[in-house]
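Asks: First, the structure itself, so that you have it in front of you.
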Amino acid sequence: MHIFKPVSLLLSFALLATCISAQPKPSAAQLAWHDMEYYFFFHFGPNTFTDLEWGHGTEPADMFNPTELDCRQWVRTAKAAGAKGVIITAKHHDGFCLWPSNYSTHTVRESKWKNGKGDVLKELSQACKEYGMKFGVYLSPWDRNHPDYGTDKYNDVYVNMMKELFTSYGPIWELWWDGANGEGPNGKMQVYDWARFKKTVKTLSPNTVVFSDIGPHIRWVGNESGIAGTSNWNTLDTAGFTPGKGAPKQDTLTTGNKYGKAWIPAECDVSIRPGWFYHEAEDSKVRTPENLFDLWLKSVGRGANLLLNIPPDRKGKIHKNDSLALVAFKKLREKNFTNNLARLSVPYLVTDNHNIKSPSLTDGKLSTFVTINDKQMQQPGLEFAKTTKLNCIVISENLTAGQQCAKFKVVLMKDWKVVKEIRGTTIGRKRILTFPVTDTDAITLFIEEDKGPVRVAEIEAYLIHDSLIEN
Ligand code: FUL
């Protein structure tokens, strides 16, 4: 018996090490995607001119005729709003292509716009290069116009269209495979060759991250309200599922799977207006800066990315109501998240017998962190020289070795007494916690459950405007 004990102990250590190393981790492209945090969606096409949300695919190409298209204005607006990239509906469900595709006869080339010589993707991709913004495309698999839809030939069409996009407008940072799926012009449903689609991207543009309900790289958050789960795992199980009707339940997409086998983080897509496309009647229904701030707390603040849709109007410009809301939203973020009070504190890590100063907790870098190997004995925290008023704490996990925290507690103390406890589950890339204003002189983070050693990268502390938080 005695002889076997150390052996079995060794074996279990080896097993544990394999379990830890077998945990899903983000690829370099996914890590870069996490850092994108916030970017714009542009829904633009025939629907902009017909006032529809889902075009039938029978609209005459001439319907598409922006009078003053200015993609540079779109990208300038995105930049001024603090977004880091854009994604455009190169083709929505109506099948109209915003570039002169050789694989369709329903494109900008068939429209009167610029006498058929226009190319929205060219103008937008060039504007992105000019302003240093990432360029992404939405290419709807569902196509209500294409005569081949519903047959195997359509899979060739879709692959060829992706090839055109990568070759003529790359680099493409994110590619969107929308999940909506219905019948084509001949009443047939398509059986998509997802494996071939994935292979095409991998071969032609290996750094492109692909979004669909279930990835392969980025997943839908399960709603179109811009809200991630308070528990938000970056991991998901996809075996047996397909995008669209074959996707997992929406609430599974919202939370992810704690022990999911693949790294497929959530992206929150939401529109600044009720519709995805521009409708004049919605000019007065643009979200307020405060509402956008709330979305920020519930998307980026729950470890997801925010894909905010700003639909260009019939002129081909972003409406001033949207621009004004976006700039004011940026100001709100700057005003409330500039004064990180944690910088005035001493960051430390409590261990069994002494406190270790841990400047990496407040250096503003996600790449430096403290590792919690023993959650009973090690707690990171901040000590303030004087009593400080707070109503917002932001915690970040370094994700390079996976997402580990499953349950945590933040304790605020004053004069050695607990004045507030905040409980949560996942942390992820960023977790923004808000609470009623509290006077404190020390805050401590307790990891209560984990999947492996948690890498705590940052603890930030703010006093944000009281009206911005739900208490
Ligand atoms: C949905 C589509 O049906 C909507 O039109 C929109 O494009 C939205 C982002 O995704 O699935």
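The values are calculated or read from the model by the stated rules, or taken from the named source; none is laboratory data. Model, not experiment: these values are computed from the prediction. All Cβ positions, even for glycine, are placed from backbone atoms using ideal geometry, and neighbour counts span all protein chains on display. The protein model used for the area step is the full one, side chains on, heavy atoms only, and it has no ligands, DNA or RNA in it. Shrake-Rupley method; radii C 1.70, N 1.55, O 1.52, S 1.80 Å.
Asks: Given the conditions (1) crowded, with 22+ Cβ neighbours inside 10 Å; (2) more than 30 Å from Ser284 (Cα to Cα); (3) within 16 Å of the ligand (Cβ to nearest atom); (4) hydrophobic (A, V, I, L, M, F, W, C), which single one is not true for Ala247?
Replies: Looking at each condition in turn, Ala247 falls short on (1).
Asks: Name the residues in the range 196-219 that are open to solvent by less than 10 Å² (accessible area, probe 1.4 Å) and in contact with a Lys or Arg (Cβ under 8 Å, 6 or more places away or on another chain), would you?
Replies: Val210, Phe211, Ser212
Asks: Within the range 160-186, work out how many residues are among the aliphatic types (A, V, I, L, M) and within 10 Å of the ligand (Cβ to nearest atom).
Replies: Final tally of qualifying residues: 1.
Asks: Kindly evaluate Gly95 against the criterion of being without any contact (Cβ under 8 Å) to a residue 60 or more places away in the chain, among the small types (Gly, Ala, Ser), within 16 Å of the ligand (Cβ to nearest atom) and buried (at least 22 other Cβ atoms within 10 Å of the Cβ).
Replies: For Gly95, the condition - without any contact (Cβ under 8 Å) to a residue 60 or more places away in the chain, among the small types (Gly, Ala, Ser), within 16 Å of the ligand (Cβ to nearest atom) and buried (at least 22 other Cβ atoms within 10 Å of the Cβ) - is met.
Asks: So which of Glu68, Glu53 ends up being more than 16 Å from the ligand (Cβ to nearest atom) and either out of contact with any helix residue (DSSP H, G or I) (no Cβ under 7 Å at 6 or more places or on another chain) or open to solvent by 10 Å² or more (accessible area, probe 1.4 Å) (or both)?
Replies: Going through Glu68, Glu53 in turn, just one is more than 16 Å from the ligand (Cβ to nearest atom) and either out of contact with any helix residue (DSSP H, G or I) (no Cβ under 7 Å at 6 or more places or on another chain) or open to solvent by 10 Å² or more (accessible area, probe 1.4 Å) (or both): Glu68.
Asks: Given (1) within 16 Å of the ligand (Cβ to nearest atom); (2) at pLDDT 95 or above, where does Trp233 come up short, assuming only one miss?
Replies: With respect to (1) within 16 Å of the ligand (Cβ to nearest atom); (2) at pLDDT 95 or above, Trp233 is out only on (1).
Asks: Looking at (1) away from the ligand (no atom under 16 Å from the Cβ); (2) touching a helix residue (DSSP H, G or I) at 6+ places or on another chain (Cβ under 7 Å); (3) not hydroxyl-bearing (Ser, Thr, Tyr), can you tell me which one Pro46 breaks?
Replies: The one condition Pro46 does not meet is (1).
Asks: How many residues are assigned to a strand (DSSP E or B), in contact with a Ser or Thr (Cβ under 8 Å, 6 or more places away or on another chain), farther than 23 Å from Ile469 by Cα and open to solvent by 10 Å² or more (accessible area, probe 1.4 Å) when one looks only at the range 364-405?
Replies: 5
Asks: Another question about this same structure. I'm told Gln73 meets every condition in (1) open to solvent by less than 30 Å² (accessible area, probe 1.4 Å); (2) away from the ligand (no atom under 13 Å from the Cβ) except one. Can you identify the failing condition by its number?
Replies: Failing condition for Gln73: (1).
Residue by residue, here is whether (1) in contact with an Asp or Glu (Cβ under 7 Å, 6 or more places away or on another chain); (2) modelled with pLDDT under 95; (3) surrounded by fewer than 16 Cβ atoms within 10 Å (Cβ to Cβ); (4) not polar (S, T, N, Q) holds:
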{"residue": "Val221", "(1), (2), (3), (4)": "yes, no, no, yes"}
{"residue": "Ala262", "(1), (2), (3), (4)": "no, no, no, yes"}
{"residue": "Gly275", "(1), (2), (3), (4)": "yes, no, no, yes"}
{"residue": "Asn305", "(1), (2), (3), (4)": "yes, no, no, no"}
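Asks: Conditions: (1) modelled with pLDDT of 95 or more; (2) open to solvent by 10 Å² or more (accessible area, probe 1.4 Å); (3) away from the ligand (no atom under 16 Å from the Cβ). Ala127 meets all but one. Number of the miss?
Replies: If we test Ala127 against (1) modelled with pLDDT of 95 or more; (2) open to solvent by 10 Å² or more (accessible area, probe 1.4 Å); (3) away from the ligand (no atom under 16 Å from the Cβ), just (2) comes out false.
Asks: Considering only residues that are open to solvent by less than 10 Å² (accessible area, probe 1.4 Å) and among the small types (Gly, Ala, Ser), look in the range 130-176 and name the one that is nearest to the chain's Cα centre (by Cα).
Replies: Filtering the range 130-176 for residues that are open to solvent by less than 10 Å² (accessible area, probe 1.4 Å) and among the small types (Gly, Ala, Ser), the one nearest to the chain's Cα centre (by Cα) comes out as Gly136.
Asks: Is it the case that Lys117 is open to solvent by 40 Å² or more (accessible area, probe 1.4 Å), at pLDDT 95 or above and over 26 Å from Asn309 (Cβ atoms)?
Replies: yes
Asks: Moving on to the next point. For residues that are open to solvent by 20 Å² or more (accessible area, probe 1.4 Å) and of a type in the set (A, V, I, L, M, F, W, C), scanning just the range 234-244, find the one that is farthest from Phe293 (Cα to Cα).
Replies: If we take residues in the range 234-244 being open to solvent by 20 Å² or more (accessible area, probe 1.4 Å) and of a type in the set (A, V, I, L, M, F, W, C), then Ala239 is farthest from Phe293 (Cα to Cα).
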